[in-house]
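The values are calculated or read from the model by the stated rules, or taken from the named source; none is laboratory data. As the structure is a prediction and not an experimental result, all values here were calculated from the model. Cβ sites come from the backbone with ideal geometry, for glycine too, and all protein chains shown count toward neighbours.
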Amino acid sequence: MANLQPGKVLALALIALLSVSDVACNHRTFSRKQLEANSKDVGDDPETSVRREKVKDAMLHAWTSYEKYAWGFDQLQPQTMNGVDSFGGLGVTIVDALDTLFIMGLDEQFKRAKDWVATSLNFNKSYDASVFETNIRMVGGLLSAYDLSGDKVFLEKATDVADRLLPAWNTPSGINYNIINLATGKAHSSPNGNSILAEVGTTQLEFIALSQRTSQPKYQEKVEKVIEVLRKKFPADGLLPIYINPQTGMPSPSLITFGAMGDSFYEYLLKVWIQGNKTQAVNVYREMWETSMSGLQSLVRKTTPSAYAYICEKNGNMLIAQMNELACFASGMLALGSSGFDNPRKAKTILSLAEEIGKTCYNFYQITKTKLAGEDYGFPPGQDISVDNPYNLMRPETVESLFYLWRFTGNTMYQDWGWDIFQAFEKNSRLETGYVGLTDVNTGAKDNLMQSFFLAETLKYLYLLFSPPSVIPLDKWVGERLSKSEQGLPTRLGGRKEGRTGHN
């Protein structure tokens, strides 16, 4: 993904959206009062209201289970009823879920989470952290909570962890390293010496927002330098390989994909433009994104016999008929970006493609016995779709896209599709002690981990899918994290929290 708010690739001046004091006193009253009022919007029909409450009940069950069995740990293992530290013991589920708790009006739970952040969240740990994961989960989660609640403790903690990440950008090219020790500041790349496209391009939203809220340009300068470097090497089709050399800034020959390790770079290009209020200062992001979308269109193929649209991967000049479930984010991204085209015909084409890919992703769920999607899919000639990897991690990409499709088309079919997916989670993933993924979406075999992004994104997008459009309006908020946009209202910050580079 890329920057969201007033971020500019080329050392543009920091744009102040709101002063920190404005954020502290205005966001809190606006957010809570408006969320409460808008949840009772006159356009909210009884059936949709019931669905929304069912999703809220699921969130409450997931959160209560985490509180009971894994409080303070990164994630819950529901089957063994204990916690596990997957990210260095930073209480990732607590921070990840803050905005979901707030939006759903789970105020008591939010307060307990805030108290834990204030008294127990400690980043001074000799832990080799993923810059990407720490940014999207911790910096993004804390800034979202700050934008929603106005409580300065979240901004203080976000600043602390961001300062610990900053040395990762001290490279010859400005392309950041992947890994950094939170206590010592020592950073390094992955074993092959390269950084990953989706990781270097998925810090801009959070760090630009942090610069705006603290009036410290250093965060924005680091992440915009990354886009400046990538722009110099940007190919004519806008499709970058997944590996970037942090020493030279040059792309390394490798896979091109809108799935794992590539995906969120493209998403952030669009959302940084939106976060920047679509001004001249951020046009470079939109230009890069539109170029990349032309490249995406060149990768689209259709299955036989049913003509489901999918996005191929590419290695050299060879197209690979395979698609990650992660790439289902592209449907929502295309819908979100469609209205920004100057040419109405182009806008219509892009929205239509968004709907086609959304249909394919919904069918990723429908073709399995549990009605939950696997991780990877193939497209054999004459067989439409096959499950190549049957693992389900309760990921949010498809429901996020259904949310955007519903918001931009008004077609309630997308709400019905989301309800089908939610019911499948309830039937197959819910235990008395929380929610788990499936190791096989056809047999229903379960794993032993409640991913933090299930609370942070999957359930949140389902809740918003069944909420009136006036709840988190898209002209005021952006991203997954819901942080404030340049108009002075929260724009959800952030990167994807679901660990897009592997089975975290």
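Some observations on this one:
- Residue among PRO191, PRO246, PRO217 that is surrounded by fewer than 18 Cβ atoms within 10 Å (Cβ to Cβ) and in contact (Cβ under 8 Å) with a residue 60 or more places away in the chain: PRO217
- Enumeration of residues in segment 176-188 that are surrounded by fewer than 24 Cβ atoms within 10 Å (Cβ to Cβ) and either out of contact with any His (no Cβ under 6 Å at 6 or more places or on another chain) or modelled with pLDDT under 95 (or both): ASN178, ASN181, LEU182, ALA183, THR184, GLY185, LYS186, ALA187, HIS188
- Residue that is nearest to ASP45 (Cα to Cα) [pool: residues in segment 442-481 that are buried (at least 24 other Cβ atoms within 10 Å of the Cβ) and of a type in the set (Lys, Arg)]: LYS460
- Filtered by the rule that a residue be at pLDDT below 95 and of a type in the set (Ser, Thr, Tyr), segment 270-303 gives a lone residue, THR279.
- Residue that is nearest to GLU290 (Cα to Cα) [pool: residues in segment 341-389 that are in a helix (DSSP H, G or I) and of a type in the set (S, T, N, Q)]: THR349
- Neighbours by Cβ (under 7 Å, 6+ apart or cross-chain): first from segment 280-304, under 14 Å from SER338 (Cα atoms); second in a helix (DSSP H, G or I) and modelled with pLDDT under 95: none
- Residue count, segment 220-237 (criterion: touching a residue at least 24 places away in the same chain (Cβ under 8 Å) and part of a helix (DSSP H, G or I)): 12
- Applying the criterion of being surrounded by fewer than 19 Cβ atoms within 10 Å (Cβ to Cβ) and under 13 Å from ILE421 (Cα atoms) to the residues of segment 369-396, the residue that is nearest to the chain's Cα centre (by Cα) is LYS371.
- Options SER126, SER120; residue that is in contact with a Ser or Thr (Cβ under 9 Å, 6 or more places away or on another chain), over 30 Å from GLY259 (Cα atoms) and surrounded by fewer than 21 Cβ atoms within 10 Å (Cβ to Cβ): SER126
- ALA158 meets each of the listed conditions (1) closer than 22 Å to LEU296 by Cα; (2) crowded, with 22+ Cβ neighbours inside 10 Å apart from (1).
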